[in-house]
Amino acid sequence: MAGKKIGVLAMQGAFLEHQQALSRCGAEPFLVRTASDLESAQGLIIPGGESTTIGKLMKLFGLDTLITERVKQGMPVWGTCAGMILLAKEIADSEQPRLGLMDIKVKRNAYGRQVESFETDLDIVGIGKTRGVFIRAPYVEEVWGEAKILSTYLGKIIMVQQGNNMLGTAFHPELTSELDVHQYFIDMA
Amino acid sequence: MEEKGTFKVKAGLAQMLKGGVIMDVTTAEQAKIAEEAGACAVMALERVPADIRAAGGIARMADPTVVMSIMEAVTIPVMAKCRIGHFVEAQILESLGVDYIDESEVLTPADDKYHVNKYIFKVPFVCGARNLGEALRRIGEGAAMIRTKGEPGTGNVIEAVRHIRMVNDEIRWVSNLPAEELMSAAKEMQAPFELLQEVARLKALPVVNFAAGGIATPADAAMMMQLGCDGIFVGSGIFKSGDPMKRARAIVAATTYFNDAAVLAEVSRDLGEAMVGIDISSIKPEERMQDRGW
């Protein structure tokens, strides 16, 4: 069986790391920069990076409405860090452009500046133990509606799933050698 | 177990900056323009390189008030420069909470032999390089990100091109050497042996490598991306131009769509005046910033 075709949004950020992790899982990843790139995607990852940069570029090149439509039709989407911020309906203290698909409120740079960035061991519902790398990371302040909490760390929500097609992580599985979260997303697609 | 300041966490922020544009800014207002235009980070400075070059004298770390006002103005990462070897400027910048320190040849070196020991800091460092040996010496000292040096403050991309081509040539060469030739190659390139082995295995640098030093147009940025850089630093090129917001937006779009000539043509239109450039041969050897660093 051929691997699933998973797109990685390549506006800005760590898109190549996701592409490599997906390849190692046996999927067929490719980079998404245009509307036609998006057409063949069976799933989409929005990578970590700068959420304001990615959000502005998505809007400027018209990808935001296309992605929103596809996700509403059921295409699986996973946002890591900046990607999760862009998926959130609410962003604390910010009016920045977003997709606004997940029933969550996120706080940007919630742990502080880069010197407060950290890595640690996590436990995720349905996945188990994994290593989490948090870079100027957000966390989820509130969930409602369809959003379900998959993991917390020291009382803060750091992974959320909504229905069977939306996933958000505050941390970066693509920066570790572990593939369990990527495999979990591929199975959703 | 929770760990801060690990190499993974330091290099990780550079990975998140990839495909983006880091812009030099000297005021909170400029920082807001950069953020609004889509910069993935800003470099807080007292003067942009073109003005440092024009002013002469000793260029030092920016006043903490300047750095802090820029940190308060934007939500994107803020970098700042310390002088080569000036570990106390680095300590001060770390205590201010900047997200990255650029140990930079743009400022006047504070030490004629040694760079900062970057391992003992929690804040990550980026350093300039003209060739693979220099890049690996900086990584060997703990740098978590590399950039080409180019020739800062000139608006002339030729030196940045020369440096990325040199690094790429040397990576290709090292990647094809039989194992027994690597030690002599390390000796010749003045590169740490273990890091050279890693480059040969990865066929790439072990950290992110941005372009810097002379990038002034969307086409310059896209050229550096097509040559294999991971992202772009623009120093004087934006705020020394006629329409900084428009040019900044265009360079951000050009860095994402670096392989799409139609987009590059569109964003390159009507940008107003670019910064005035300087021919490299007109710069006296002792005034060339790229030769600073050991």
Taking a 1.4 Å probe, which of A:H182, B:H115 shows the most accessible area, and what order do the others take after it?
B:H115, A:H182
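Counting only DSSP beta bridges with both residues in the stretch A:5-188, what percent are antiparallel, rounded to the nearest 5? Please report the intermediate quantities before stating the final value.
On the way: 22 of 40 bridges.
Percent antiparallel among DSSP bridges in the stretch A:5-188 is about 55.
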Can you give me the distance in nm between label points at B:M1 and B:E188, each placed 7 Å from the Cα along the Cα-to-Cβ direction?
4.3 nm
Give me D for the stretch B:17-56 in µm² s⁻¹, whole number, from Stokes-Einstein with Rh from the Kirkwood sum over alpha-carbon pairs, 4 °C and 1.567 mPa s.
121 µm²/s
From the square roots a ≥ b ≥ c of the eigenvalues of the alpha-carbon gyration tensor of the stretch A:5-188, which class results: rounded (a/c under 1.5), prolate (a/b over b/c), or oblate?
rounded
Accessible surface of B:W173 - all protein chains present, 1.4 Å probe, nearest 10 Å²:
110 Å²
Out of B:V234, B:V42, A:V160, whose Cα points farthest toward the positive end of the dipole of the protein assembly as shown (charges: +1 Lys, Arg; -1 Asp, Glu; placed on Cβ)?
A:V160
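Given the rule -39500 (n - 2.57) for each run of at least 4 DSSP H residues, summed and divided by the residues of chain B, what is its mean residue ellipticity at 222 nm, to the nearest 500 deg cm²/dmol?
Numbers: 13 runs with 126 residues, N = 294.
It comes out at -12500 deg cm²/dmol, rounded to the nearest 500.
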Let me check the size of the stretch B:43-110 from its C-alpha atoms; what are the radius of gyration and Dmax in Å?
11.4, 33
Filter on B:K118/B:K284; A:K56/B:K18; A:K4/B:K10; B:K8/B:K81 - keep pairs with C-alpha separation over 24 Å
B:K118/B:K284; A:K4/B:K10
Stokes-Einstein D for the protein assembly as shown at 20 °C, 1.002 mPa s, Kirkwood Rh over Cα pairs, in µm²/s?
95 µm²/s
Pop a pseudo-label 7 angstrom from the Cα along the beta-carbon direction at both B:R172 and B:A54 and give the gap in nm to one decimal.
4.0 nm
Taking amide H positions as placed 1.01 Å from N in the peptide plane, with prolines and chain starts having none, which residues 5 or more places from B:E103, or on another chain, fall under 5 Å of its amide H?
B:C82, B:V126
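Quick one: grab the alpha carbon gyration tensor of the stretch A:3-54, order the square roots of its eigenvalues as a ≥ b ≥ c, and give me rounded if a/c is under 1.5, else prolate or oblate depending on whether a/b is larger than b/c.
Numbers: a/c = 2.73, a/b = 1.31, b/c = 2.09.
Oblate, since a/c reaches 1.5 and b/c is not below a/b.
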With the Cα gyration tensor of the stretch A:142-189 giving a ≥ b ≥ c as the square roots of its eigenvalues, does the rule (a/c under 1.5 for rounded; else a/b larger than b/c for prolate; else oblate) give rounded, prolate or oblate?
oblate
Calculate for chain A the 222 nm mean residue ellipticity that helices alone would give, adding -39,500 (n - 2.57) per DSSP H run of length 4 or more and normalising by residue count, nearest 500 deg cm²/dmol.
-7000 deg cm²/dmol
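Rounded to the nearest 5, what % of the DSSP beta bridges within the protein assembly as shown are antiparallel ones? Numbers along the way, then the final one.
Details: 24 of 68 bridges.
Antiparallel bridges make up about 35 percent of those DSSP assigns within the protein assembly as shown.
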What is the percent carbon and sulfur in the accessible area of chain A, measuring with a 1.4 Å probe over the protein chains and ignoring ligands?
49 percent
In whole percents, the bins of 10 Å from zero upward hold the Cα-Cα pairs of chain B as 7, 30, 38, 21, 5, 0
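The values are calculated or read from the model by the stated rules, or taken from the named source; none is laboratory data. Every value quoted in this text rests on a predicted model; they were computed, and no experiment measured them. All Cβ positions, even for glycine, are placed from backbone atoms using ideal geometry, and neighbour counts span all protein chains on display. In case anyone asks, the SASA skips ligands and DNA or RNA and just uses the protein heavy atoms, side chains included. Shrake-Rupley method; radii C 1.70, N 1.55, O 1.52, S 1.80 Å.
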